[in-house]
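To start, the structure under review is shown below, and the notes come after it.
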Amino acid sequence: MPLFSSGEQGKEHTSTPQETANTDSRDQPTARKLPPHMQRIIDERSAPRLRPDASVEEQRNAYERRRMALQFDIDQGELASSPENPWSHRIQLLTEALADVENELREAEQVVPGPWHPLPATPIRDIDAEKDEAVRLRFSIDGETFEFEELLDWAERGTQVARPELVQTRGDAAKLVPEDTPNDLVEPLRQHLGDSVVTFATDMRDHVLDNDPLPQDATLADLAKPCPTCGGWTDWKGACDTCAARKGRAHQLFQERNHLMKERSAEAEERHRLAERLTLARHRMRDLENEIAQWEASLKK
């Protein structure tokens, strides 16, 4: 398996020798921080030259700091240019992780049949709503009465802070589960009906607030229609928890895939940048050694 795509290889070579010559500490790899002592050396390399009246010891220390900084560039460049280097190793690990995530993403995108068991078309009766300071709702399904009301939340001067929460005060959706429901679907259906009843009540409140007629001809079966995609239960508004969970998992894996691709690309770019700077670092080291030799010779005169 290739370590990175041809597109990523094309992005690696982005700098020129002139740009490299102007590199300062801000150009250091962002994916990995340098040790504090090496960062200090690089910062000092970019500092202004010593004042003309600097002592011999100060000049010698300045030359030594410049030599250490250049040697660091050379060491990093040689390491990046070697066949066995930490950047290539990390690229390989990221590529393997990326392959695993892509496999999981393909699996997550596959539509798996959701849980479903038919419900009778029992009418939802006694649909009623009251609206004053808060909304109160009432309806019954197969003899089970459900009631909801808003919990008021007031500011200090009597101004309503936000739309009150709708709270169920009566009714048990578990009693709506048909007796012929398979044992492994009883609990999932109970949870689904509990959520779908709340959705139905919320839709009722929206109708009341908008001064629209309340839902008519609704049935128990309408609270758990089969999903057109996976065949599982949908709520009163047509939302499918199984499909929502699948899409959420796929989105999470897609984000992880993008993160791994960025990390792999950053490793490849850093490796190439360090290797590209090697020639210039060696050239600057030769110039520095000549400068030091001339300075030492001047001290002997």
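Coordinate-derived values only; no laboratory data. The structure displayed is predicted, hence computed values, not measured ones.
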Starting from the amide H of PHE146, placed 1.01 Å from N in the peptide plane, find each other amide H under 5 Å away whose residue is 5 or more places distant or on another chain. PHE139, SER140, ILE141
So what does log10 I(q)/I(0) come out to for the range 84-141 at q = 0.22 Å⁻¹, using the Debye formula with one equal point on every Cα and no solvent? -0.92
log10 of Debye I(q)/I(0), alpha-carbon scatterers only, for the range 200-301 at 0.10, 0.13, 0.22, 0.23 Å⁻¹: -0.62, -0.78, -1.10, -1.13
Quick check on the range 124-226: what does the Kirkwood estimate of hydrodynamic radius come out to from the alpha carbon pairs, in Å? 14.8
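Residue separation times 0.36 nm, minus the C-alpha to C-alpha distance between MET68 and ASN258: what's the value? Could you put the intermediate results ahead of the total?
Working: separation 190, 0.36 × 190 = 68.40 nm, distance 3.78 nm.
Taking 0.36 nm per residue and subtracting the Cα distance, the gain is 64.6 nm.
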